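The values are calculated or read from the model by the stated rules, or taken from the named source; none is laboratory data. Computed from a predicted structure; not experimentally measured. Here the Cβ positions follow ideal geometry from the backbone for every residue, glycine too, while neighbour counts run over all protein chains shown. When the accessible area is computed, the model is the full protein with side chains, heavy atoms only, and any ligands, DNA or RNA have been set aside. Shrake-Rupley method; radii C 1.70, N 1.55, O 1.52, S 1.80 Å.
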Amino acid sequence: MAVASRSALWTRWVCLARWSDWSTSKLPYLGASTLLLASPEASAVRVLGILGTVLFWAAFGYGINEMADRDCDLLAGKPNRAAVLSPLSWASFLTLTSSAAGGLSLLWAADAAAPVIVGVGLLLAVAYSVPPLRLKERGVLGPVAGAASQWVLPVLAIS
């Protein structure tokens, strides 16, 4: 029974990260960017670490947005993937994804710049989604913050 419940939780976390919403557009682009920007002597492990960082970073950003939108979505009658999870599960998901993104960046980064950029990107994802800032509701700041957190900063971290 414990294995089944862990499997169900894992499935809910993958849904919470909205993998299907971004994996087919983000991962090929960032994978190509990684291969283009990585030095020729970069090991496969380093390249996989970079991609893992971006994967967990994106999962964090999409997951925290889904959690922050929970009440609005429910009022609008829109399904929300975070609504079926407990606060402990949200906290565990956010801790796992942010720690994995930051931790992996420490393993492959040549200096402190990439981990700092990853940290800024994670904080920007919080500012984008969570009150009181909730940049997504602040006109042009919403799309700019979203693009910076999910596209511009990952490419900067990789480079």
Between 0 and 90°, nearest 10: helix 113-129 axis offset from the chain longest Cα axis: 20
Nearest-20 debye value, the chain charge dipole, Cβ charges on Lys, Arg, Asp, Glu: 260
Crossing angle, helix 2-16 versus the chain [Cα axis fit, 0-90 degrees, rounded to tens]: 80
Acute angle (nearest 10 degrees) that the helix 19-37 long axis makes with the longest principal axis of the chain, alpha-carbon atoms: 10
Relative contact order computed over the chain (Cα-Cα under 8 Å; 6+ residues apart), in percent: 26
Long-range Cα-Cα pairs in the range 1-54 (distance over 14 Å), rounded percent: 64
Built amide H within the under 5 Å cut-off of V130, gap 5+: L135
Structure-based [θ]222 nm, the chain - -39500 (n - 2.57) summed over DSSP H runs of at least 4, per residue, nearest 500: -24000 deg cm²/dmol
The range 77-138: C-alpha gyration tensor shape, a/c 1.5 cut-off, then a/b vs b/c: oblate
Nearest-20 debye value, the range 6-70 charge dipole, Cβ charges on Lys, Arg, Asp, Glu: 200
Percent accessible area from carbon and sulfur atoms, the range 27-159, protein chains only, probe 1.4 Å: 73
Largest-first principal axis extents, alpha carbons of the chain, Å: 51, 47, 26
